[in-house]
Amino acid sequence: MEEALVLQEDTAGVVRLTLNRPRALNALNSELLGELDAALAALEARGDLRAVLITGAGDKAFVAGADIAEMRDKTPDQARRFAVNALATLKRLERLPVPVVALVNGYCLGGGCELALACDWAVAGDNAVFGQPEVGLGVIPGFGGTQRLPRRVGPAMALDLITTGRRIDAAEALRIGLVNRVVPREELETLVDELTGQLGANGPQAVRAAKQAVHDGMNQPLDSALALETSLFALGFAGTEQHEGMSAFVEKRPARFGDAG
Ligand code: COA
C-alpha cells in the first residue's frame, strides 16, 4: 500500500500534520495538496480540535516549494487552476478555528514559505532556510506570497526577498518577523511537546475567540475591530469555560476545560 502524503498524529486534540514526500523534499504537488485539503476539511468540523502543527517529513526540508516538475509544462489555464486550488487549501488552513503553527525543520522555499505564511505563526530549527526563489524560475509566487509576505514582514523586505529570490537563514527570518522562535534543530521536538501542552491546556473557546478576534479584526477599521473584541469578550461569559477558569484561579487548582463544542 502506498504511504499517505499527509500523516496525522493527535495528542488530545492537538493535531500534527506531517507533509510526507521526503524524497522530493516535500514539494507540493496536486496529490499532496489534495490530501492536505481533505485532512483540513475533516479537522475543521471537530469540536475537540485544540491546535494544528504542520511540518515536513525527513530531516532536510519543511517544504522545498511547489512541485517544479509538475508545473513545467502547464498552460496558463492549468497554472491558474493549480494556483486557485492551492490558494483554497491554504485559505482553509488559515481559517481553521484554532491556532495553526508551522514547525519549520529545514528548507522552506517558494510554496513552502507561502504555506508557513498561511499559518498563524511559525517556529523554526536553526537549520531552516527561507526564500521565495520563483523569479529564478521565471514566475512569481502563486500561492499567496506576494500578499501574505508583505503583510508579515512589510512591503520593502517582501520585495527584497521576492525580487532577488535570495535565501535567508533562521536567524534572519527571526529578525524580520517571518518566524516567532528559533531553536537548535535537535530541540525542535522538545519545543513541539511544550507547544502541545500549552496549546492544549487553555480554555478552548477562549483560544478560538482570540484567533477570530485577531483575524477578523485585522480586516476592519480599529473602532469596529475593538467592538468585535468587546462582543467576543462578553460572549465568553455565556458558557461554562470562563467560570471554570476563574474559579480554578480563586480555588488555587488547575482548570478543567471541556471541548469547544
Ligand atoms: N519541486 C520538485 N522537486 C523538487 C523540488 C521542487 N520544488 N525541490 C526539490 N525537489 C527534488 C529534487 O528534484 C530532487 O529529486 P531527485 O532526487 O529525483 O533529483 C530531490 O527533491 C532532492 O533535491 P536536491 O535538489 O537534489 O537537493 P539539494 O540538497 O541538492 O538541494 C534545494 C535542495 C532545496 C536547494 C533544491 O532542491 C532546490 O533548489 N529546490 C527548488 C527550490 C525552489 O525553487 N522552490 C520554489 C518552487 S516554485
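The values are calculated or read from the model by the stated rules, or taken from the named source; none is laboratory data. This structure is a prediction, so every number in the text was calculated from the model and none was measured. Note that we place each Cβ from the backbone using ideal geometry, even for glycine, and neighbour counts take in every protein chain shown.
Has segment 160-183 got any residue that is away from the ligand (no atom under 16 Å from the Cβ), more than 18 Å from ALA122 (Cα to Cα) and out of contact with any Leu (no Cβ under 7 Å at 6 or more places or on another chain)? Yes.
A count restricted to segment 189-219 and to residues that are buried (at least 16 other Cβ atoms within 10 Å of the Cβ), modelled with pLDDT under 95 and among the hydrophobic types (A, V, I, L, M, F, W, C) stands at 4.
Taken together, the residues in segment 1-29 that are more than 12 Å from the ligand (Cβ to nearest atom) and surrounded by 14 or more Cβ atoms within 10 Å (Cβ to Cβ) amount to 12.
Residue pairs whose Cβ atoms lie under 8 Å apart, separated by 6 or more positions or on different chains, with the first residue in segment 205-232 and under 13 Å from ASP120 (Cα atoms) and the second basic (Lys, Arg), are VAL207/ARG50; HIS215/ARG95.
Exactly one residue out of ALA83, ALA69, ALA88 is within 15 Å of the ligand (Cβ to nearest atom) and either free of Cβ contacts under 8 Å to residues at least 60 places away in the same chain or charged (D, E, K, R) (or both): that is ALA69.
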